[in-house]
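S.K.: Okay, handing you the structure first.
Just so you know, all these numbers are worked out from the coordinates, no wet-lab data involved. Not measured: the values here are computed from a predicted model. As a convention, Cβ positions derive from the backbone with ideal geometry for all residues, glycine included, and neighbour counts pool all protein chains shown.
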There are 2 protein chains.
Amino acid sequence: MALLLHLADVNEHAWAERFRSALGNYPVLLRSDSYDPDDIRYIFAWKPSDDAFDGFNHLKAVLSLGAGVDALLQHPRLPEGVPIVRFVDDELTQCMSDYVIASVTMHQRLFSRYAAHQKARIWSQLYPPPATAISVGIMGMGQLGVDAARKLVMLGFKVNGWSRTEKHVDGVTRYAGDETFDAFLGATDILVNLLPLTADTRGILNYATFKKLRRGTLIGGPVVVNAARGGHQKEADIIKALEDGTLSAASLDVFETEPLPKDSPLWTLENCFVTPHIAAISSERNGARYFSQMLLDHEAGKPLRNVVDRERGY
Amino acid sequence: MALLLHLADVNEHAWAERFRSALGNYPVLLRSDSYDPDDIRYIFAWKPSDDAFDGFNHLKAVLSLGAGVDALLQHPRLPEGVPIVRFVDDELTQCMSDYVIASVTMHQRLFSRYAAHQKARIWSQLYPPPATAISVGIMGMGQLGVDAARKLVMLGFKVNGWSRTEKHVDGVTRYAGDETFDAFLGATDILVNLLPLTADTRGILNYATFKKLRRGTLIGGPVVVNAARGGHQKEADIIKALEDGTLSAASLDVFETEPLPKDSPLWTLENCFVTPHIAAISSERNGARYFSQMLLDHEAGKPLRNVVDRERGY
C-alpha cells in the first residue's frame, strides 16, 4: 500500500514532506522513486500526464489537488470505476469568499467611476447606493457559492442564488434550473460565477447573458465577476459588453488562455480588473491535512467524501 | 412652536417638504419665511452662519444634519445650555460599513499590487493572505465603528477596536485609552479611522502613527483608511509614508481641504484611492424621518436621544 504523488507546476517535494509528516508510516512516493505499481492505492494528481494512470490496477481513489476537476475529467485515460475525490477546504472557501466580497463591494461602491475621476482630478459627489439596494446573483451554489452568499446577506445585499438543484440558504432567493435563468439574470445587478465547468456551463458568460442583467439600479450598469474557470467566459463578448456599456465593469480571475496573453485587450480596459488566477488556492498545509485524513479514514473502512459525479461533471 | 431650517450647500426646500409631510400640523419654516423668533423651538442646522442662533430665546434643541458635529461645536455663538442632537441612522451606518468593507477587502486582496501588474501586463501569482490572517484596527467604536467591526469579524478578519472608553463587541480585541494606542497599532495591519474630530484626535493620522503599525503580515506593508474627517490626517505625512513604503496603500474619503485641491499629490499617487467625501451621507428621506420622530417625541415629553456631550466633543 502506498500514496503516489503526480504533480506538475507545483513543488512536489514540499507536498511529499507534508504528506509524510501527516501519514506517519504510510508510504508516500514520487514518480522518481522505485515501487511496484500494484502497491499504489491512491494517486494525488495535478495536471497529470497522459500515462499517469497506466498500469495501476489496484487504485482505490484519485485525489485531485484542485477544487475544480474539469481538466482531470478530460484526461484521456482516466481509469473508469475509480472514485475521484476533490478538494473541499475551509481555507479555500475563505479565500474565494474574500475575493468575491472584495470584488462585489468595490463595484457596489462604483470603484471604476471614482478611479476615472481621480485620474482626471474631478471632485464629483455621486453617492453609491447602499448594499441593501443592490442584488448580487451567484451562479453555482456549492460550498463556495453558499459561503459567499451567506456573507453577502450579512453585509446587507440582496442575494439571488442560481443552481442546478434547489439550495436553501437563509435570506437568499432561490433559482433552480435552466428555465429560471432569465428571471435570475433580470433580478441581478452584480453577477458572480462560481459554477463548475461542464459541457452545460461552458461559455455561459456571453453577450446574450449580459444583456439580460438588470439595468437602472447600479449606477453605470451591471457587473460580472468570474472566479471559476476561463472556459465559462467568451472574452470577445466581455470586451464588447465593457466597451458598449452593456457591462459597467468586470473582475476576472480566470481566462480562456492562462497566463492571459500579452496582447489581450482585457489588460488595458479601465473597467476590467484582471488578477492572475489567485482568487483561491489549495495550500500545501491544508491540502495535505485534508487528503491524509481522507486516506487514513478510507483505509480504516470509512467512505470517501466529496467524490466527483463523473456524469454531472463535478 | 415651530421648526426652523438653517441649511447651506444642500436643497433646503427638499428638506422642508420632507419635514412637512412627516410633521403634519407642526410648522416647518425657512429663514426666508416671516416668523416670531420666540416661536422657534428647534433649529435643524447644516453649516449655519455666525448669526444662526442669535435672538432665539426659546430653543429646546439644535438638530445637526451631520453625524459629525465638530464644525458645529466650533460655531462662535452656539447657545449654551441648548442640547445638540446628532444624526444616527441605520442607512448612514450601512453606507459607512459598505465603504469600510470595500476598502479593507480591496487592500487585503492586494489591489494596488495587481493594478500595477495589470498595467504592466505582468502575470505573477502571489497569493493574498486569507482574511483570517489579517488584523483590522478600528479607531472609534461608536455606532459606525461597532457595525463595521461586527461585519469584519463575520468575514473572518481579526479585529481590534480602539476607543476612549472600553466597548465590548463579540470577537473584537478591545483597546481603551491613550496608554493602549501603541499596542493597538502594533497589532494592526489595516487601520480604519472612524473617530469623531476633537482636540484630542486632530492630526492623529500622522507619520509617527503609521510607523507603529504592524509590518510583515500584509504583503507590501500596512494600510490606512480614513472615512471620518480630513482634520484627522496630516496629508504631508500620508504622502511621505506612501512614497517611502511605511504605508503600502491608503483609501481617503476626507481631506484637510475639501474639495481636494487640484494640485494635491494625493490625486496621482497610484497607491492612494481618493473618493470625494461620499463614504456615508445623510439622506433627506431618513434624516427627516429621524428628526421628525425625535421632535414629536420630545414635544410629547420624551427625552432627546443622541445628545452631544460638548465637553467630550461628540
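S.K.: For region B:259-293: of the residues being of a type in the set (A, V, I, L, M, F, W, C) and facing chain A (nearest Cβ under 8 Å), which is surrounded by the most Cβ atoms within 10 Å (Cβ to Cβ)?
M.R.: Step one: list which residues in region B:259-293 are of a type in the set (A, V, I, L, M, F, W, C), which gives B:260, B:266-267, B:269, B:272-274, B:278-281, B:288, B:291.
Of the ones still in play, those that are also facing chain A (nearest Cβ under 8 Å) are B:260, B:267, B:273-274, B:278, B:281.
Details: B:260: 22, B:267: 18, B:273: 25, B:274: 22, B:278: 18, B:281: 20.
In this case the residue turns out to be B:273.
S.K.: Please verify whether residue B:244 is among the charged types (D, E, K, R) and within 14 Å of chain A (Cβ to nearest Cβ), treating the condition exactly as stated. So that I can check it myself, show each step before the final result.
M.R.: Details: among the charged types (D, E, K, R): yes; within 14 Å of chain A (Cβ to nearest Cβ): no.
No; evaluated as a whole, the condition is false for this residue.
S.K.: Anything in region A:152-168 that is without any contact (Cβ under 8 Å) to a residue 12 or more places away in the chain and within 14 Å of another protein chain (Cβ to nearest Cβ)? List them, or say none.
M.R.: Answer for region A:152-168, where residues must be without any contact (Cβ under 8 Å) to a residue 12 or more places away in the chain and within 14 Å of another protein chain (Cβ to nearest Cβ): just A:154.
S.K.: Just a yes or no: is a residue in region B:70-77 closer than 22 Å to residue B:256 by Cα and in contact with a Leu (Cβ under 6 Å, 6 or more places away or on another chain)?
M.R.: Let us first name the residues in region B:70-77 that are closer than 22 Å to residue B:256 by Cα, namely B:70-76.
Next, only the ones that are in contact with a Leu (Cβ under 6 Å, 6 or more places away or on another chain) stay: B:70.
Among the residues of region B:70-77, at least one is closer than 22 Å to residue B:256 by Cα and in contact with a Leu (Cβ under 6 Å, 6 or more places away or on another chain), which makes the answer yes.
S.K.: If we scan region B:39-55, do we find a residue that is of a type in the set (Lys, Arg), surrounded by fewer than 19 Cβ atoms within 10 Å (Cβ to Cβ) and either under 24 Å from the mean Cα position of the chain (by Cα) or more than 20 Å from residue B:196 (Cβ to Cβ) (or both)?
M.R.: Narrowing region B:39-55 to residues of a type in the set (Lys, Arg): B:41, B:47.
With surrounded by fewer than 19 Cβ atoms within 10 Å (Cβ to Cβ) added as a condition, the list becomes B:47.
Subsequent filtering for residues that are either under 24 Å from the mean Cα position of the chain (by Cα) or more than 20 Å from residue B:196 (Cβ to Cβ) (or both) retains B:47.
Yes; the residues of region B:39-55 include at least one that is of a type in the set (Lys, Arg), surrounded by fewer than 19 Cβ atoms within 10 Å (Cβ to Cβ) and either under 24 Å from the mean Cα position of the chain (by Cα) or more than 20 Å from residue B:196 (Cβ to Cβ) (or both).
S.K.: A follow-up question, please. Within region A:137-154, track down each residue that is hydrophobic (A, V, I, L, M, F, W, C) and surrounded by fewer than 24 Cβ atoms within 10 Å (Cβ to Cβ).
M.R.: Selection gives A:146, A:153, A:154.
S.K.: Let me ask something else. Show the residue pairs meeting these rules: Cβ distance below 6 Å; 6+ apart or different chains; first residue within region A:9-28 and closer than 14 Å to residue A:63 by Cβ and free of Cβ contacts under 8 Å to residues at least 60 places away in the same chain; second residue surrounded by 16 or more Cβ atoms within 10 Å (Cβ to Cβ) and among the basic types (Lys, Arg).
M.R.: A:28/A:20
S.K.: Quickly run through region A:57-68 and pick out the residues that are buried (at least 17 other Cβ atoms within 10 Å of the Cβ) and in contact (Cβ under 8 Å) with a residue 24 or more places away in the chain.
M.R.: Keep residues of region A:57-68 that are buried (at least 17 other Cβ atoms within 10 Å of the Cβ), which gives A:59, A:61-68.
Answer for region A:57-68, where residues must be buried (at least 17 other Cβ atoms within 10 Å of the Cβ) and in contact (Cβ under 8 Å) with a residue 24 or more places away in the chain: A:61, A:63, A:64, A:65, A:66, A:67, A:68.
S.K.: Related question: Name the residues in region A:202-236 that are touching a residue at least 60 places away in the same chain (Cβ under 8 Å) and of a type in the set (S, T, N, Q), would you?
M.R.: A:217
S.K.: Residue check: is residue A:165 within 24 Å of the chain's Cα centre (by Cα) and crowded, with 19+ Cβ neighbours inside 10 Å? I'd like the intermediate steps shown before the answer.
M.R.: Numbers: within 24 Å of the chain's Cα centre (by Cα): yes; crowded, with 19+ Cβ neighbours inside 10 Å: no.
No, not satisfied.
S.K.: Oh, and also: Please count how many residues of region A:109-151 are closer than 30 Å to residue A:87 by Cβ and either facing chain B (nearest Cβ under 8 Å) or not aliphatic (A, V, I, L, M) (or both). Show your work before the answer.
M.R.: Initially, region A:109-151 is screened for residues closer than 30 Å to residue A:87 by Cβ, giving A:136-151.
Subsequent filtering for residues that are either facing chain B (nearest Cβ under 8 Å) or not aliphatic (A, V, I, L, M) (or both) retains A:137, A:140, A:142-143, A:145, A:147, A:150-151.
Number of matching residues: 8.
S.K.: Right, another one. Could you list, in sequence order, the residues of region B:84-118 that are in a loop (DSSP other than H, G, I, E, B), over 22 Å from the mean Cα position of the chain (by Cα) and farther than 20 Å from residue B:149 by Cα? Let's see the steps before the verdict.
M.R.: Within region B:84-118, the first condition is being in a loop (DSSP other than H, G, I, E, B), and the residues that meet it are B:86-89, B:109-110.
Still in the running and over 22 Å from the mean Cα position of the chain (by Cα): B:109-110.
Within region B:84-118, B:110 is the sole residue that qualifies.
S.K.: Would it be correct to say that residue B:135 is touching a residue at least 60 places away in the same chain (Cβ under 8 Å) and of a type in the set (Gly, Ala, Ser)?
M.R.: Details: touching a residue at least 60 places away in the same chain (Cβ under 8 Å): yes; of a type in the set (Gly, Ala, Ser): yes.
Taking the combined requirement at face value, the residue satisfies it.
S.K.: Under 9 Å between Cβ atoms, at least 6 apart or on separate chains: pull out the pairs that start in region B:75-92 with a residue that is away from chain A (no Cβ under 14 Å) and in contact (Cβ under 8 Å) with a residue 24 or more places away in the chain and end on any residue that is outside any loop (DSSP other than H, G, I, E, B) and surrounded by fewer than 15 Cβ atoms within 10 Å (Cβ to Cβ).
M.R.: That search, which allows pairs on different chains as well, returns B:83/B:307; B:84/B:307; B:85/B:307; B:86/B:307.
S.K.: Follow-up. Looking at region A:23-37, which of its residues are surrounded by 11 or more Cβ atoms within 10 Å (Cβ to Cβ) and out of contact with any Phe, Trp or Tyr (no Cβ under 6 Å at 6 or more places or on another chain)? Step through it out loud before you land on a result.
M.R.: Step one: list which residues in region A:23-37 are surrounded by 11 or more Cβ atoms within 10 Å (Cβ to Cβ), which gives A:23, A:26-31, A:33, A:35, A:37.
Of everything in region A:23-37, those that are surrounded by 11 or more Cβ atoms within 10 Å (Cβ to Cβ) and out of contact with any Phe, Trp or Tyr (no Cβ under 6 Å at 6 or more places or on another chain) turn out to be A:23, A:26, A:27, A:30, A:31, A:33, A:35.
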